[in-house]
Amino acid sequence: MATRSSKAEDLNRAIGAECPAALSMLSARGRAIYFPYAGILGQSAEAKGKKYNATIGIALEEDKTPMRLACLMKPLAVDPAKVLPYAPSFGLPELRARWKELMLEKNPGLKGKAVSLPVVTQALTHGLAVAAYLFLEAGEEILFPEPYWDNYDLLFGVSFGARVTTFPCYAGGGFDVAGLRRVLAARRGGKIALLLNFPNNPTGYTPTESEMAGLAEALAEEAAQGSRIVAIIDDAYFGLVYEPGVARDSLFARIADAHPNLLAVKVDGATKEDYVWGLRVGFISFAAKGAGLEALAALEDKAAGSVRALISNCSHLSQTLLLEAFKSGDYAREKRAKHEVLKHRYEVLKREIETHPEYARSFAPLPYNSGYFMCLKPAPGLDAEKLRRRLLEKYDTGLIAMQGLLRIAFSSVPAGDLPTIVRNVHLACEEGRGGA
Ligand SMILES: Cc1ncc(COP(=O)(O)O)c(C=O)c1O
């Protein structure tokens, strides 16, 4: 039987043969991980369909259906076999295939490019953790624009020991592509781990068409200069774009076959796009110029090996519910309708700010055009945390204060309440300026 290290070496060889840069960017953990086909999982698979099969680590009824408590199944109008047994560590094959199809529909630019089959993760946080597991060594740097989702600190910094370096997201009214170019050039020749998230949490910003093209170009050109780049694309809020001229596709699609030194890692999922925050279904996918079926399958094995090692597999119930929804004839229409609800809230909020020039004395909105959120930068001399407290105590209004900003989650507020919230922020700012 192959030893642990020889199984990992086989995967490393497959990756290295097609994409040496990807192999060189794996962490020690990433190099060592493999999928244990030959262990309990493999032996169970071989026994599948046998008359006498005592390999499965779940309990079955006398009729060989999954053992179950009736009270637990009652609210679930689903076949117990589709929810109670373990799902594969890679995720349900049909769900993986469907998610990839959807990814191609949502990103026509991916047509004809080699992309791995998505591996199911326990939603996006875990997908990002799998990326960190595979590609980040303790002490290595990970770069992302600021402002950023604060859990990145806990995930990449505290949990994986990476060195978090941020750079400003904006220059003027848009994404600072030139700034990113400088950040990359300063690291030329080495390994660069970069994380980009659009639509962004907390800013609600997605690059315009030309900025997105500029970003893809900047990454490809830096790779061509000899840097090896692992670009982790956090697409949590994918599709929630509300303005014309803003990129509709993922940066992943634009860099999927850009350069052999540029490994694109897409972390996405149903959480925000399909409004299923508690189901916990996400995906991780890979692409790089030159990486063909063998290397991509080896990366899938490594991702699934990491799933197997840390959480074994993801919720079968959640995956089944999602797959049923994807198969439903109502899915696309219902999803569009929810998109319209969020877009309307975005428009109401934007109109409120635009039609009240006096608010400029209190705060400036950071550029926003998509997603769940937007941020207000309090005027000089005003402190976001003090404003947050004042809003809670005097205005019955809860916002998030982070990185010197006030974040409004318009996704979670009925449209009619949004003008009041913005006005309350203004009033709290006026009070703050008055020294109250
Ligand atoms: C930018 C970003 N990435 C990832 C996540 C994590 O999503 P999930 O709930 O699927 O783990 C969030 C959640 O707020 C997020 O805002």
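The values are calculated or read from the model by the stated rules, or taken from the named source; none is laboratory data. These figures come from a predicted structure and were not determined experimentally. Cβ coordinates were reconstructed from backbone atoms using ideal geometry, including for glycine residues, and neighbour counts include every protein chain displayed. Note: accessible area is taken over every heavy atom of the protein model, side chains too, but ligands, DNA and RNA are not part of it. Shrake-Rupley method; radii C 1.70, N 1.55, O 1.52, S 1.80 Å.
Points worth noting:
- So residue 302, is it of a type in the set (Lys, Arg), out of contact with any Asp or Glu (no Cβ under 8 Å at 6 or more places or on another chain) and either in a loop (DSSP other than H, G, I, E, B) or farther than 25 Å from residue 373 by Cα (or both): yes
- When residues of the range 251-302 are limited to those that are over 20 Å from the mean Cα position of the chain (by Cα) and among the hydrophobic types (A, V, I, L, M, F, W, C), the one farthest from the ligand (Cβ to nearest atom): 293
- Checking every residue in the range 415-436 against the condition of being closer than 19 Å to residue 148 by Cα and not hydroxyl-bearing (Ser, Thr, Tyr) gives zero matches.
- Among residues that are surrounded by fewer than 23 Cβ atoms within 10 Å (Cβ to Cβ), over 22 Å from residue 375 (Cα atoms), among the β-branched types (Val, Ile, Thr) and touching a strand residue (DSSP E or B) at 6+ places or on another chain (Cβ under 9 Å), residue 115 is included.
- Of the residues contained in the range 187-200, none is found to be open to solvent by less than 30 Å² (accessible area, probe 1.4 Å), part of a helix (DSSP H, G or I), away from the ligand (no atom under 16 Å from the Cβ) and in the same structural domain as residue 237 (by TED's automatic domain parsing).
- Listed by position, the helices (runs of 4 or more DSSP H) inside the range 1-60 whose residues that are modelled with pLDDT under 95 number at least 3 are 4-18, 40-47.
- Qualifying residue in the range 137-144 (condition: open to solvent by 10 Å² or more (accessible area, probe 1.4 Å), in a loop (DSSP other than H, G, I, E, B), among the hydrophobic types (A, V, I, L, M, F, W, C) and more than 16 Å from the ligand (Cβ to nearest atom)): yes
Table: residues versus (1) at pLDDT 95 or above; (2) of a type in the set (A, V, I, L, M, F, W, C); (3) surrounded by fewer than 18 Cβ atoms within 10 Å (Cβ to Cβ); (4) in a helix (DSSP H, G or I).
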| residue | (1), (2), (3), (4) |
| --- | --- |
| 309 | yes, yes, yes, yes |
| 319 | yes, no, no, yes |
| 332 | yes, yes, yes, yes |
| 336 | yes, no, yes, yes |
| 346 | yes, no, no, yes |
| 351 | yes, no, yes, yes |
| 359 | yes, no, no, yes |
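- Conditions (1) out of contact with any helix residue (DSSP H, G or I) (no Cβ under 8 Å at 6 or more places or on another chain); (2) touching a residue at least 24 places away in the same chain (Cβ under 8 Å); (3) not assigned by TED's automatic domain parsing to the domain that holds residue 271; number of the one not met by residue 62: (2)
- Qualifying position, being within 13 Å of the ligand (Cβ to nearest atom), within 21 Å of residue 327 (Cβ to Cβ) and aliphatic (A, V, I, L, M), among 120, 130: 120
- Selection status of residue 76, more than 19 Å from the chain's Cα centre (by Cα), in a helix (DSSP H, G or I) and farther than 30 Å from residue 158 by Cβ: no
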